[in-house]
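Heads up, the thing below is written out as structure tokens.
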Amino acid sequence: MDMSQYMDMFMEESREHLQALNQKILELEDNPHDLGILDEIFRSAHTLKGMSATMGFERIAELTHEMENVLSVLRGAQVAVNTAVVDLLFRCLDSLESMVDSISSGDTGNADVSELTTLLRKAGQGELVAADKPKESIREASKVSEPVQPDLPTVVDGIEVLRSFEINQYDLTLLQEAQRKRYDAYHIQVELDPGCVMKSARAYMVFRNLEEFGEIIKSVPSSQELEDEKFDLSFEVVVVTKEEQERVLHAVDSIAEVRVKSITPVNLKEVKAQEAQDNDVPQAVKEPSEPINENAALLKNRTTTEAKSKIKGSQTVRVDIERLDNLMNLVGELVINKTRLEQISTTNSVTELNETIEHIDRITTDLQNVVMKVRMVPIEQVFNRFPRMVRDLAKELGKEINLIVEGKETELDRTVIDEIGDPLVHLIRNAIDHGVEMPEIRRQKGKPLESVVRLVAKHEGNNVVIEVEDDGRGLDPQALKNKAVQKGVISAREAEQMDDQAAINLIFMAGFSTAEKVSDVSGRGVGLDAVRTKIESLSGSVEIETRINQGTKFKIRLPLTLAIIQALLVNVGEEIYAIPLGTIDETTSIIPSHIKKVQNQEVVLLRGNVLPLVRLDNVLEVPKTIEESEELYVVVVRKGEKKAGLIVDSLIGQQEIVIKSPGKLLQGISGIAGAAILGNGHVSLILDVGTLF
Amino acid sequence: MEKVDFSDELQLVAFSLAGEEYAVDIHYVQEINRLLNITRVPKAPYYVEGVINLRGNVVPVIDLRKRFSLPPRETTDRTRIIIIKVKDITVGIIVDGVSEVIRIQSSAVEPPPGLYGSVDLDYIRGVGKMDDRLLILINIEKVIDLEALAEEE
């Protein structure tokens with residue numbers, strides 16, 4: 001079967017599940033007794049296993065399968081959650097992630113997982129004990145004097161129908177628990193009408209109806225497969241509920257084209273745990289009655305969030321970003337035509353027409369806002385990977401870090417979200433590696449041993465601000481100056497004249513790293529200059545606030561969207577060009593006779609500073625039509641620390657423009673960043689200020 | 001070897017350029033427009049006239065006279081832009097006028113003769129004979145330099 005069409009979906013979903021796993025395992029580390037978290041982890045791992053097996057990625061399936069085994073043992077409280085196990089689970093995630101990555105780059109994704117699976121098997125038998133002292137005392141379960149036992153129930157030859165059913169340990173635990181709470185379990189065989197179309201929809205209705213009063217703990221094929229219509233005309237489910245059998249039967253039977261073939265109460269005592277051959281936790285069935293009671297008692301003590309923790313499926317649709325771009329284009333076109341209508345109505349004033357146009361105006365504005373919003377994604381997507389990263393880093397460096405994340409729900413345009421991840425990783429690594437001191441030093445300074453790193457996103461006007469703040473040693477302007485002089489980035493005289501803020505901004509200079517020694521974590525040459533370049537390429541800016549021994553705050557300011565920017569429209573000859581407002585410092589006018597030549601470069605003195613000039617008509621090869629006037633308009637633009645004055649013929653005004661690609665044929669032309677469609681329907685080019693000087 | 005379409009019949013959009021009749025396979029043609037307002041793009045290849053706004057999309061436009069090294073001419077009422085889509089690239093080509101859609105037997109298309117007028121042979125796929133008319137089939141992929149674009153990626 002050709003799976004390629006499902007590939008994208010697989011990649012996306014597996015990444016999501018891996019992200020969820022990362023997050024949940026982190027939570028588990030803090031709350032090792034929370035059954036709800038374990039459940040969620042288990043569910044994600046299980047789905048991942050199912051998906052990868054369907055897609056034919058055996059190694060992923062194999063690894064997730066082993067993880068599942070360990071998780072179900074953890075869940076059954078036979079083995080305690082300790083740091084060694086958590087570390088192992090994280091290693092598995094890393095391996096899974098790299099496999100998924102290799103698949104996305106076209107490989108088979110079959111890495112060697114034998115080491116991990118061996119370790120997992122060990123962990124499953126409780127043989128993996130933390131080298132260091134576990135965070136919380138090892139679970140009571142492990143204090144039970146005899147070796148840890150999986151709690152398999154009495155084996156009585158079970159009901160025939162369940163033979164085909166692979167009830168694994170996890171399901172069994174669920175059943176046990178359900179029964180303890182006096183729920184009844186039913187095994188239902190469902191059959192669909194042979195002529196039934198949209199089988200998955202029928203299956204979904206069965207699930208929905210049953211879940212109204214109970215919980216489906218198992219289905220064959222899995223719910224995922226049912227959803228994908230990977231089944232014939234029948235499937236089986238086990239549901240736990242407090243309702244009567246009649247009601248259960250009715251719930252399923254009442255659905256059109258669905259028939260209940262059989263419904264059987266499941267008695268736990270009769271369940272034979274049919275472990276899949278590969279699902280073999282060694283020394284499985286041994287002692288029947290004793291451990292059950294003991295474990296049951298333990299189970300009671302643990303927080304059970306079982307039923308509550310069911311994730312509510314949110315109603316969303318995945319849409320290709322290209323379709324959204326299309327939608328955006330159409331809206332843009334609508335806006336342009338609306339402007340035309342407005343022009344027509346002003347020349348022939350007809351009251352009725354005016355009213356209609358006003359109405360259209362309101363609708364298009366709303367429509368534009370809605371489309372813009374659709375393109376927005378919460379920054380959560382980017383932030384989610386940081387807790388794990390910080391945990392690993394802190395461990396590696398022997399520092400105690402408390403990462404506080406705020407404003408996850410802040411929304412940014414999809415294009416910005418895709419780009420902002422790397423700079424943030426860099427800043428956070430920097431904060432942890434260079435900003436935060438070692439615990440020993442913190443003690444000497446009288447600071448709390450645990451340092452706080454804050455990652456905050458929020459709206460500020462038409463911008464989104466992202467802050468990375470640490471409570472570490474801060475930046476010392478004098479030290480930075482010395483370093484810069486020593487590295488030859490600036491001269492000693494320049495250093496003397498520099499104020500503190502300018503000195504602090506030195507760390508953005510290329511080839512500048514303050515770390516005394518190059519560590520594995522950061523300081524590998526790609527410095528903060530790369531961060532700033534990236535952010536500026538997103539039309540954003542970075543600022544630093546710092547105080548010695550109190551910490552450093554990096555403040556990133558980003559536009560809400562890259563698709564629409566504010567720009568200054570200017571005339572060059574008879575052509576109109578757009579200059580992004582973010583790059584403009586000011587506009588001014590000069591008298592031609594004030595222009596001086598320094599080394600063949602035209603410059604002008606602007607408030608005592610030498611400003612190099614760029615004649616746009618020359619650079620852009622604009623046919624000369626306008627006589628040089630007595631006054632020249634100059635747009636002062638900035639690229640990093642450098643400034644230049646662009647000479648234009650006249651300023652038209654500020655306008656919001658939608659950035660469009662000028663097409664493949666014209667890509668990579670220097671000086672042009674893109675194209676925009678103006679209100680009159682004409683195309684205007686957007687200047688790429690960075691390449692002009 | 002240039003690929004020739006072996007299906008029996010070709011549908012071509014015929015257009016005129018510097019007094020000669022040319023044609024392009026209808027499969028490439030998206031639409032035919034009157035001359036729109038063209039924005040010049042500095043430092044673009046010499047044959048690119050500029051960009052136009054095609055219902056919200058910015059589309060580059062090639063002047064076919066310049067591409068074929070033919071003498072320039074003032075635009076007239078009949079001047080048209082043929083919007084062409086090859087692979088995922090959309091471009092417009094400026095021609096002197098579009099006459100009709102022609103069906104022609106593929107057997108009536110011959111490979112380009114050794115020497116044909118002033119147009120670079122690279123840009124020609126063949127010559128179609130219809131009664132006493134001669135149609136020059138242009139090789140659109142070469143005209144927009146598709147290979148060079150692919151290499152850049």
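Observations, loosely collected:
- Average beta carbon contacts from partner chains per residue of A:328-338, 10 Å cutoff: 2
- Summarising the amide proton neighbourhood of B:S99: residues at separation of 5 or more, or on other chains, whose placed amide H is nearer than 5 Å comprise B:A14, B:F15, B:S16.
- Hull volume per residue, based on the alpha-carbon atoms of the stretch A:4-143 and their convex hull, is 90 Å³.
- For B:41-54, mean number of other protein chain Cβ atoms within 10 Å: 6
- Exposure proxy ranking, count of Cβ atoms within 10 Å, fewest first, for A:M509, A:M11: A:M11, A:M509
- Among the residues of B:18-25, the average count of other protein chain beta-carbon atoms within 10 Å of the residue beta-carbon is 0.
- Phi to ³J(HN,Hα) by Karplus 6.51 cos²θ - 1.76 cosθ + 1.60 over the stretch A:217-223, Hz, x for Gly, Pro: 9, 7, 9, 10, x, 5, 4
- Sum of side-chain charges, A:E602 neighbourhood, beta-carbon under 10 Å (Lys, Arg +1; Asp, Glu -1): +3
- For A:S650 and A:D422, the difference between the fully extended length at 0.36 nm per residue and the C-alpha to C-alpha distance is 78.1 nm.
- Separation of the A:Q224 and A:R547 label points, Cα + 7 Å toward Cβ, nm: 5.1 nm
- Amide H within-cut-off set for B:E49, under 5 Å, with H built and near neighbours excluded: B:V61, B:I62, B:D63
- The ranking of B:V86, A:V610, A:V86, A:V648 from fewest to most other beta carbons within 10 Å of each one's beta carbon is A:V610, B:V86, A:V86, A:V648.
- Long pairs among A:K49/A:K199; A:K338/A:K660; A:K373/A:K642, criterion Cα-Cα beyond 25 Å: A:K373/A:K642
- Protection proxy ranking of A:431-443, A:353-365, B:55-67 - average other beta-carbon atoms within 10 Å, highest first: B:55-67, A:431-443, A:353-365
- Comparing the stretch B:9-152 with the 2.2 N^0.38 Å rule of thumb, its C-alpha radius of gyration ratio is 1.01 (two decimals).
- On full extension, the segment bounded by A:E621 and A:N31 gains 205.7 nm, given 0.36 nm per residue less the C-alpha separation.
- Label-to-label distance, A:R607 versus A:R91, with points set 7 angstrom from Cα along the beta-carbon direction: 6.0 nm.
- Separation of alpha-carbon centers, the stretch A:450-500 and the stretch B:5-63, rounded to whole Å: 54 Å
- Taking Cβ atoms as reference points and 15 Å as the exclusive limit, the residues near A:R493 contribute a net charge of -2, counting Lys and Arg as +1 and Asp and Glu as -1.
- Take the Cα radius of gyration of the stretch A:364-445 and divide it by 2.2 N^0.38 Å, N being the number of residues; the result is 1.48.
- Karplus 3J(HN,Hα) series, Hz, for the stretch A:651-656 with 6.51 cos²θ - 1.76 cosθ + 1.60 (x for Gly, Pro): 9, 9, x, 8, 8, 7
- Between A:E342 and B:D131, the simple spin-label model (points 7 angstrom out along Cα→Cβ) gives 5.4 nm.
- Our helix-only sum for chain B, with -39,500 (n - 2.57) per DSSP H run of n ≥ 4 divided by its residues, gives a mean residue ellipticity at 222 nm of -2000 deg cm²/dmol.
- Karplus (6.51, -1.76, 1.60) ³J(HN,Hα), θ = phi - 60°, over the stretch A:117-126, in Hz, Gly and Pro reported as x: 5, 4, 4, 4, 4, 4, 4, x, 9, x
- Sorting A:L71, A:L120 by the number of Cβ atoms found within 10 Å of their own Cβ, with the fewest placed first, yields A:L120, A:L71.
Values in this text are rule-based calculations from the coordinates and carry no lab data. Just so it is clear, the model here is predicted, and its values are computed rather than measured. Because the Cβ atoms are built from the backbone with ideal geometry, glycine has one as well, and the counts that use them run over all protein chains shown.
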